[in-house]
Protein chains: 2
Amino acid sequence: MSAQFPQGPASGSYFDEASSAEVVNARMGENINPRLREVMTVLVKHLHAAVKEIEPTHEEWLAAIKFLTETGQMCSDWRQEFILLSDVLGVSMLVDAINHRRPSGATPNTILGPFYLSNAPRYENGANICLDGKGEPLLVAGRVLNTDGQPLPNASIEVWQTNDDGFYDVQQKGIQPDFNLRGVFTTDREGKYWFRSVKPRHYPIPADGPVGKLLGSLGRHPNRAAHLHFIVTATGYDPIITHIFAPDCQYLGEDTVFGVKSELIADFKKVDDAQKAQSVGLAAPFWSVDWDFSLAHCKSLQNAE
Amino acid sequence: MSAQFPQGPASGSYFDEASSAEVVNARMGENINPRLREVMTVLVKHLHAAVKEIEPTHEEWLAAIKFLTETGQMCSDWRQEFILLSDVLGVSMLVDAINHRRPSGATPNTILGPFYLSNAPRYENGANICLDGKGEPLLVAGRVLNTDGQPLPNASIEVWQTNDDGFYDVQQKGIQPDFNLRGVFTTDREGKYWFRSVKPRHYPIPADGPVGKLLGSLGRHPNRAAHLHFIVTATGYDPIITHIFAPDCQYLGEDTVFGVKSELIADFKKVDDAQKAQSVGLAAPFWSVDWDFSLAHCKSLQNAE
């Protein structure tokens with residue numbers, strides 16, 4: 001090179017295979033958001049490490065580009081395929097776990113899922129949230145406690161679940177009654193709640209897009225293990241978003257979004273006793289679940305103490 | 001849990017933060033494509049490691065989902081935003097480097113880029129590929145050699161570049177003449193080629209999408225350093241896709257797709273000599289580049305030897 005031109009950086013700062021991630025990260029400006037710098041530094045480091053370990057061919061790289069493009073183009077106001085991807089790769093549960101490390105004894109958190117509605121009807125304890133009359137009757141009863149074991153009166157318990165066909169009401173508009181299998185309950189003076197419902201069923205996540213195709217290629221099914229969703233809140237305590245799982249579901253060990261935690265598998269007892277059934281307003285035989293939630297004191301309040 | 005139900009897997013195989021990647025990877029089926037298994041195992045491992053290192057908040061996770069979604073939705077028949085993302089994160093150059101490790105002495109490869117056309121006109125040596133008459137005149141001349149230094153007659157040299165405004169012909173349909181600054185040349189009996197053109201200019205990659213916004217947030221500009229693209233092929237030799245770079249470009253040290261390699265920075269000599277200019281059919285002053293390409297024997301042929 002002739003001396004008349006500026007030389008640019010030392011040749012070491014041009015791209016090369018060995019120091020590729022460092023070269024890319026060194027390109028960031030000085031006055032950028034420090035958290036963005038931190039996040040991108042880690043992402044680029046792991047992305048380049050993965051590429052170096054995989055050594056993709058040009059065709060494999062192009063297949064990845066195509067997959068990501070199709071995943072983005074599958075998204076609409078009613079479908080979020082990148083969240084599905086995050087779910088089936090365990091990333092959603094990992095982010096949830098990182099953000100909800102709880103003191104020992106508190107009920108673990110799980111992901112919210114796409115089927116929550118914020119305006120579910122409020123019921124008295126004992127109400128039956130199953131409005132379509134389909135499925136095996138279920139009684140759910142228990143208490144909301146704090147991690148010291150003290151009952152919490154006036155706690156709010158919000159529940160939502162699939163019907164006996166494995167669909168949420170919002171997936172079957174006009175087929176299921178609106179707000180079928182949803183409700184908000186309040187604990188009594190002893191911290192107790194109870195309601196009637198039906199046994200939940202497993203169901204597939206939407207599998208007609210690129211993520212469903214990926215699951216197929218990986219030899220995986222798209223099914224979630226049967227569960228009820230809950231949000232439990234009480235004044236002065238950290239709210240919890242959680243599930244309880246039916247222990248006899250065939251997909252319990254292979255929930256496709258990795259939502260199952262052993263602490264959240266409930267004991268569903270089958271009760272074949274006409275008198276007991278009549279006393280709770282259900283037909284015999286019915287399923288019965290006793291389930292207590294355990295809430296930790298608000299971290300922010302703890303910090304203030 | 002009551003004993004009447006199957007227990008699912010041992011609780012250790014449910015999801016937990018510590019072994020998250022292993023749990024996800026263990027879910028793959030037995031009879032799947034072994035390369036897909038290898039690729040996904042590495043991707044999930046690094047993805048989970050990155051999430052654990054970053055510890056994203058829910059809002060940061062959602063911002064990543066939104067970015068990926070918008071990147072997919074920016075793609076069209078005329079725009080590939082995920083390739084742009086791969087380019088600006090250095091992934092495209094890394095994949096290229098991994099797939100084109102060459103014997104010492106061979107001209108390094110670079111990425112093809114989105115502006116190549118396969119049907120450029122074929123010219124005699126000496127032709128001027130600049131059809132719009134704009135810019136500083138340039139003479140490019142040199143030889144195609146093998147890595148032993150032997151000249152290769154009848155080698156094909158395909159060139160394409162921006163015009164003086166920093167645009168390719170395909171970006172300015174109706175403004176630039178079709179096939180402006182593109183051509184295919186053939187080396188003579190001494191392995192020599194030469195053609196006339198104009199000095200290339202730096203130009204921005206498309207920056208009106210999510211990738212452009214990301215570059216802005218990272219304090220990076222969208223500019224590529226000024227260059228000419230080449231594809232050089234000769235019977236019995238590995239084809240090369242490469243660039244040569246102008247040494248005085250202000251973006252030489254910060255090419256936004258990391259295409260610059262020190263071995264590909266050419267010596268652009270300014271020649272202010274009316275007689276020499278006349279002898280090559282250009283106006284004085286003109287720029288002159290001597291550039292030899294060095295091709296390695298076909299790997300497949302070497303293996304056969």
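Summary table below
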quantity	calculated
Residues with amide H under 5 Å from that of B:TYR237, placed H, sequence gap 5 or more	B:CYS298
Mean-position separation - Cα centroids, the stretch B:156-218 and the stretch A:265-284, in angstrom	76 Å
Fraction of antiparallel bridges per DSSP, chain B only, in percent to nearest 5	75 percent
Under 5 Å, built H, 5+ apart or other chain: amide partners of A:ASN125	A:THR186
Coil-residue trypsin sites (Lys or Arg not before Pro) of the stretch A:196-305, DSSP, other Cβ within 10 Å capped at 14	none
Rg to Rh quotient for the stretch B:62-175, alpha carbon positions, Kirkwood Rh	1.04
In the stretch A:61-157, trypsin sites (Lys or Arg not before Pro) in a DSSP loop with at most 10 other beta-carbon atoms within 10 Å	A:ARG101
Exercise: per-residue mean of other protein chain Cβ atoms within 10 Å, A:93-102	6
7 Å along Cα→Cβ, label-point gaps from A:LYS276 to other copies, nm, shortest first	10.2
Cα convex hull volume per residue for the protein assembly as shown (Å³)	182 Å³
Per residue convex hull volume, Cα atoms of the stretch A:229-305, in Å³	129 Å³
Cβ neighbours within 10 Å from other chains - mean over A:131-141	0
Calculated from backbone phi, Karplus (6.51, -1.76, 1.60) coupling profile of the stretch B:235-248 in Hz, x at Gly/Pro	4, x, 10, 5, x, 10, 10, 8, 10, 10, 10, 7, x, 9
Reciprocal of mean inverse Cα separation for chain B (Kirkwood radius, Å)	22.7 Å
Integer Hz, Karplus 6.51/-1.76/1.60 couplings in order for the stretch A:205-218, x for Gly and Pro	6, x, 10, 8, x, x, 5, x, 5, 4, 4, x, 5, 8
Nonlocal amide H pairs with B:VAL271, under 5 Å, H built at 1.01 Å	B:PHE286, B:TRP287, B:SER288
Whole-number percent relative contact order across chain B, with pairs defined as alpha carbons under 8 Å at least 6 apart	19 percent
From phi via Karplus (6.51, -1.76, 1.60), per-residue ³J(HN,Hα) for the stretch A:154-162 in Hz, x at Gly/Pro	6, 6, 9, 10, 10, 10, 8, 7, 7
Set A:LYS134/A:LYS199; A:LYS134/A:LYS261; B:LYS199/B:LYS276; A:LYS52/B:LYS299 screened for pairs whose C-alpha atoms are more than 20 Å apart	A:LYS134/A:LYS261; A:LYS52/B:LYS299
For A:53-66, mean number of other protein chain Cβ atoms within 10 Å	6
Relative exposure of B:LEU85, B:LEU131, B:LEU181, judged by other C-beta atoms within 10 Å (fewest first)	B:LEU131, B:LEU85, B:LEU181
For the stretch B:210-264, radius of gyration divided by Kirkwood radius, i.e. Rg to Rh on alpha-carbons	1.12
For B:GLU81, B:GLU30, order by how many other beta-carbon atoms lie within 10 Å, fewest first	B:GLU30, B:GLU81
Shortest-first distances to equivalent copies, position B:LEU36, nm, label 7 Å out along Cβ	3.7
0 to 90° range, to nearest 10: angle between helix A:34-54 axis and chain A longest Cα axis	80 degrees
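Here, each number is a calculation from the coordinates, and none is a lab measurement. Keep in mind it's a predicted model, so treat the numbers as computed, not measured. Methodologically, a virtual Cβ is constructed for each residue, glycine included, from the backbone with ideal geometry; neighbour enumeration extends over all protein chains shown.
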